[in-house]
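J.: Shown below is the structure under consideration.
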Amino acid sequence: MNHPIEFVSLGPGEPELITLKGLKALQQADCIFCPATTTREGKQVSRATDIMQALDIPLSVIKPFHLPMSKERGAALAAYDQVYEEAKTRYGQQQRVVIVAEGDAGFYSSIQYIFEKLQTAGIPAQRIAGIPAFIAAGAVANLHIASQEERMIVAPGTLTADEIEQYHREGTVVVIMKLSQCAHEVQQCIQLHPDYQYHYFENVGTEKEFYTHQLEELKERRFPYFSLMIIK
Ligand code: SAH
């Protein structure tokens, strides 16, 4: 029997924030494809592997694939194409194949590219839901992200200070992912509107986790890739 390829959401970083369903899929897998990157210092890092090791998933089933850090999409797509080919082969051999992504695998996740390729090829694939980083961030700060009649928008770092201002005026809570891409606009907004609440999060669920809502701490801060903001 062929097993559908499973896309398992690992959650934001804290190993226990995976679902039971996701954990069971990892435990039953013959092979788990997992993203890794190389830092500027040349060190291989894989947050996904760290999470799985903490969950006692044997390294022997984990197959890291290397994703380039650059924003140039071509190199990443080549890496995904390779994973797709190997996943397809192993699927044909009736292996249980899992592909993992951090947070929720269906939320700003480039792994979706492989999912769509499998669908096009008629290979069954199923996603297992997970906790996205901004939901975990809300819990870190004991922040009620949206309450009562409040609306919320999630944006991927393409926001301008004007847009944030507009949303705030409407009573819409703003969640900014990929914050490093709009650091300048956010800093500008802070200067113009120090009265808003800026909840800033870094590396949620890891030992490097950082949270602040103090403007003084935000002004000098360089926003890394794994950072997000909730503005109310
Ligand atoms: N699929 C992920 C989102 C991937 S997009 C999810 O469901 O959360 C990558 C962006 O997510 C990062 O730029 C950052 O804004 C946010 N992010 C992911 N993990 C994070 C973490 N542990 N702490 C803070 N931000 C995180």
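The values are calculated or read from the model by the stated rules, or taken from the named source; none is laboratory data. Since the model is a prediction, treat every value here as computed from it, not as a measurement. Ideal geometry is used to build each Cβ from the backbone, glycine not excepted, and the neighbour counts take in all protein chains shown. For accessibility, only protein heavy atoms count, side chains too; no ligands or nucleic acids. Shrake-Rupley method; radii C 1.70, N 1.55, O 1.52, S 1.80 Å.
J.: Cut-off 10 angstrom, C-alpha nodes, Gaussian network model of the chain. Which of 152, 52, 177 fluctuates the most?
T.: Largest GNM mean-square fluctuation: 152.
J.: Return the lysines within reach of residue 88: Cα separation strictly under 22 angstrom, same-chain partners fewer than 8 residues apart disregarded; answer none if there are no such residues.
T.: Here the lysines satisfying the reach criterion relative to residue 88 are 24, 63, 117.
J.: Near residue 115, within a Cβ-to-Cβ distance under 12 Å, what is the net charge of the other residues, with Lys and Arg +1 and Asp and Glu -1?
T.: After counting each charged neighbour, the total is 0.
J.: Okay, next question. Taking 8 Å as the Cα distance limit and 6 or more residues as the minimum spacing, I'd like the relative contact order of segment 96-232 as a percentage.
T.: Relative contact order, segment 96-232: 21 percent.
J.: Below 8 Å, C-alpha to C-alpha, sequence gap of six or more: please give me the relative contact order for segment 1-91 in percent.
T.: 28 percent
J.: Ignoring ligands, DNA and RNA, what accessible area per residue does the chain give at 1.4 Å, in Å²?
T.: 53 Å²
J.: Next question, about the same structure. Would you calculate the volume per residue, in Å³, of the smallest convex hull containing every Cα atom of the chain?
T.: That works out to 143 Å³ per residue.
J.: Let me check against my output: what whole-number percent is the relative contact order of the chain, with C-alpha pairs under 8 Å and at least 6 apart?
T.: Reported as a whole number, the value is 22 percent.
J.: Oh, and also: In the Gaussian network model of the chain, springs joining C-alpha atoms below 10 Å, which of 144, 213, 168 carries the largest mean-square fluctuation?
T.: The residue that fluctuates most here is 144.
J.: I need the shape label for segment 22-144. Rule: rounded when a/c is under 1.5, else prolate if a/b > b/c, else oblate, with a, b, c from the alpha carbon gyration tensor.
T.: It comes out rounded by the Cα gyration axes.
J.: Considering the dipole of the chain built from charges on the beta carbon (Lys and Arg +1, Asp and Glu -1) around the Cα centre, which of 17, 109, 197 is farthest to its positive end?
T.: Ranked along the dipole, the leading option is 109.
J.: So who's got an amide H within less than 5 Å of the one on residue 62, skipping anything under 5 residues away but keeping other chains? H placed 1.01 Å off N, in plane.
T.: 32
J.: Quick one: if the Förster radius is 30 Å, what FRET efficiency do residue 146 and residue 44 give, using the C-beta to C-beta distance and rounding to 0.05?
T.: That gives a FRET efficiency of 0.20.
J.: Right, something else. What are the ³J(HN,Hα) values, in whole Hz, obtained from phi via the Karplus relation 6.51 cos²θ - 1.76 cosθ + 1.60 with θ = phi - 60°, for each residue of segment 185-190 in sequence order, with x given for Gly and Pro?
T.: Each residue of segment 185-190 in turn: 5, 5, 4, 5, 4, 4 Hz.
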